[in-house]
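Here's the structure, in C-alpha cells; my notes come after.
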Amino acid sequence: MDQESMHGPDNYKPLPVVLSEAKGVWVWDVDQNKYLDMMSAYSAVSHGHAHPELVKVFHNQSKTLALTSRAFYTNTLGPYLETITKMSGFEMALPMNSGAEAVETAIKAARRWAYRSKKIEPNKAEIIVANGNFHGRTTTIISFSSEPNSKDDFGPHTPGFVSVEFGSSQAVEEAINKNTAAVLFEPVQGEGGIIEPPDNWLPDVREICDKNNVLMILDEVQSGLGRTGKLFAYEHSNIRPDGLILGKALGGGFMPVSVFLSSEEVLQWMNPGSHGSTFGGNPLGSAIAKRSLELLEEEGLIENSRIMGEYFKNSLLELNSGIIKEIRGKGLWLGVEIDPKYIEGKALSKLLLSKGILCKETRETTIRFAPPLIIRREEIDWAVEIIGDTLKRIERKEK
C-alpha cells in the first residue's frame, strides 16, 4: 500500500487490503485471510477466479502464439468472431481491448455510418446519451459524463453529444433532430448505483429510433454476458439494439477483451486504416474470449445468475433492516441503497471487509454486490448472515 502511494498517483481509493491469491469465489490476502468476492472486478471475473478451463486455454495459447498484431491472420480470431456473432445474433464484431476502447469504436462507427449512409452534413453528427452515465474515462467519453470530477480540467471537451434524462423516452424523442446519428445508453446504469429505467423505456426508445432512422447502441460492458440473469440485459425488454458494446467478462478474468457488435451496414465503413488496435483481437485474448462465451452456456452460468440472484435479493429483503432503503437490480448484480443517517457506504464496505466480504460503494450510499456467476446458495447464505449481523450491530451502535 505504501509503495502504491509513493510511486503512483492517488486516483483510486482502494479498501485497505492487499490481495495475493484467488480461486473461484474466494480471495486471500497476503496474511492468508479469506474473503468472499462480491465484486468480481466489476463483472470482469464472472466465471470465477482461475477457472480451470480458462487457465488451460491461457497456458496453451500463451505458449503457442500470443500476439502478432492484425497485420496477419491468426487461427484464433476467426473462430472467436464466429462464436460471438452466432451467440449474439449480430452480423459483425470489431474486437478491441478495454470497454472504453469499445465505446470509442461504437462512437466512430456510428458517426461514419451517419455521414456515409444517412448522409448527415459533415461534422454535424450528434449522439444522444443519458444523464448519470458511465462509459469510461477517455477524453471523448468524459466529455459527455455528468460527473464533474470525471471532466473538470480535462477540457476542451469533445462536442457532438446531447445528454437527456435516463429512463425518459419523451426526452429522447425531443432531443432527436436531423443530425442525430445514434443513442448510446446503458440498459442499467452500473456506476450510477444499479439504476434501472422504467420497463417500457427500451421498447419505446427502439420505436423512436426506428421511426427516425437513428442507431440504438447499448453499452453492456458490465451488464452483459449473464450478469442480469440473461445473456444480455436488453433481453429483459424483448428488444434488439443496432449495436452492442461488450467487455469485462469477455476476457474471463485473464485479459482485457472488448468488442463492438453491429450489422454489416454499420461496420462496412470501417475500412483499412480507419480504426484498429495492435492488441485488439490478439490470439491469446481471442482464444480466451471464445472459451469464456462457451462456458456461459456449458456451465449454465446465465441461469445460475438468474436463480441465485433472485435468491440473494430475496434473502437481503428478508433481513428487514431499517438501514436498507432499497434493493435494485437483476440477477447477480444488486445495488443496496443504505440510509446514510446510520452509516456511509465506504464505512460499511470496510466493516464487511473486516468480516470477510469484498464489496464496494458507489455514489456514496449504494453498496454493489456482484459475485461471480458460479456462486452457490451456501455461499450466499454465509454472506447474508454476515451482512445481516453487521446491519443489526450498526442499528444497535455496536462494532
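The values are calculated or read from the model by the stated rules, or taken from the named source; none is laboratory data. The structure presented is a predicted model; accordingly, all values stated were derived computationally and were not measured. Heads up, the Cβs are rebuilt from the backbone with ideal geometry, glycines too, and the neighbour counts pull from every protein chain shown.
Residue check: is PHE260 crowded, with 18+ Cβ neighbours inside 10 Å, farther than 20 Å from GLY89 by Cα and in the same structural domain as ALA182 (by TED's automatic domain parsing)? Quick ask: steps written out before the conclusion?
On the way: crowded, with 18+ Cβ neighbours inside 10 Å: yes; farther than 20 Å from GLY89 by Cα: no; in the same structural domain as ALA182 (by TED's automatic domain parsing): yes.
For PHE260, the condition - crowded, with 18+ Cβ neighbours inside 10 Å, farther than 20 Å from GLY89 by Cα and in the same structural domain as ALA182 (by TED's automatic domain parsing) - is not met.
Here is a check on your reading of the model: is ALA93 exposed (fewer than 11 other Cβ atoms within 10 Å of the Cβ), of a type in the set (Gly, Ala, Ser), assigned by TED's automatic domain parsing to the domain that holds GLY273 and out of contact with any Pro (no Cβ under 7 Å at 6 or more places or on another chain)? It would help to see each step written out before you state the result.
Values: exposed (fewer than 11 other Cβ atoms within 10 Å of the Cβ): no; of a type in the set (Gly, Ala, Ser): yes; assigned by TED's automatic domain parsing to the domain that holds GLY273: yes; out of contact with any Pro (no Cβ under 7 Å at 6 or more places or on another chain): yes.
No; evaluated as a whole, the condition is false for this residue.
Quick check, is PRO122 modelled with pLDDT under 95, more than 21 Å from GLU101 (Cα to Cα) and either surrounded by fewer than 23 Cβ atoms within 10 Å (Cβ to Cβ) or touching a strand residue (DSSP E or B) at 6+ places or on another chain (Cβ under 9 Å) (or both)?
Details: modelled with pLDDT under 95: no; more than 21 Å from GLU101 (Cα to Cα): yes; either surrounded by fewer than 23 Cβ atoms within 10 Å (Cβ to Cβ) or touching a strand residue (DSSP E or B) at 6+ places or on another chain (Cβ under 9 Å) (or both): yes.
No, not satisfied.
Could you count how many residues in segment 71-110 are outside any helix (DSSP H, G or I) and either among the aliphatic types (A, V, I, L, M) or at pLDDT below 95 (or both)?
First, pick out the residues of segment 71-110 that are outside any helix (DSSP H, G or I): 71-76, 89-98.
Going one step further and asking which of them are either among the aliphatic types (A, V, I, L, M) or at pLDDT below 95 (or both), we end up with 71, 92-94, 96.
Number of matching residues: 5.
Looking only at residues in segment 144-199 that are of a type in the set (Val, Ile, Thr) and assigned to a strand (DSSP E or B), which one is surrounded by the fewest Cβ atoms within 10 Å (Cβ to Cβ)?
Of the residues in segment 144-199, the ones of a type in the set (Val, Ile, Thr) are 158, 162, 164, 172, 176, 180, 183, 188, 194-195.
Pick out the ones that are also assigned to a strand (DSSP E or B) and you get 162, 164, 180, 183, 195.
Values: VAL162: 17, VAL164: 20, THR180: 23, VAL183: 27, ILE195: 19.
Among those residues, the one meeting the criterion is VAL162.
Take LEU334 and tell me if it is in contact (Cβ under 8 Å) with a residue 40 or more places away in the chain, within 30 Å of LEU65 (Cβ to Cβ) and within 20 Å of the chain's Cα centre (by Cα).
no
List pairs: first in segment 285-308 and closer than 12 Å to THR83 by Cα, second of a type in the set (Asp, Glu) and surrounded by 21 or more Cβ atoms within 10 Å (Cβ to Cβ), Cβ under 7 Å, 6+ apart or cross-chain?
Sorted first by the residue in segment 285-308, then by its partner, the list stays empty.
How do the strands (runs of 3 or more DSSP E) wholly within segment 1-47 filter down when requiring 3 or more residues that are within 22 Å of ILE386 (Cα to Cα) and not assigned by TED's automatic domain parsing to the domain that holds ALA370: which remain?
Numbers: elements: 19-23, 26-29, 34-37.
Those strands (runs of 3 or more DSSP E) do not exist here; none qualify.
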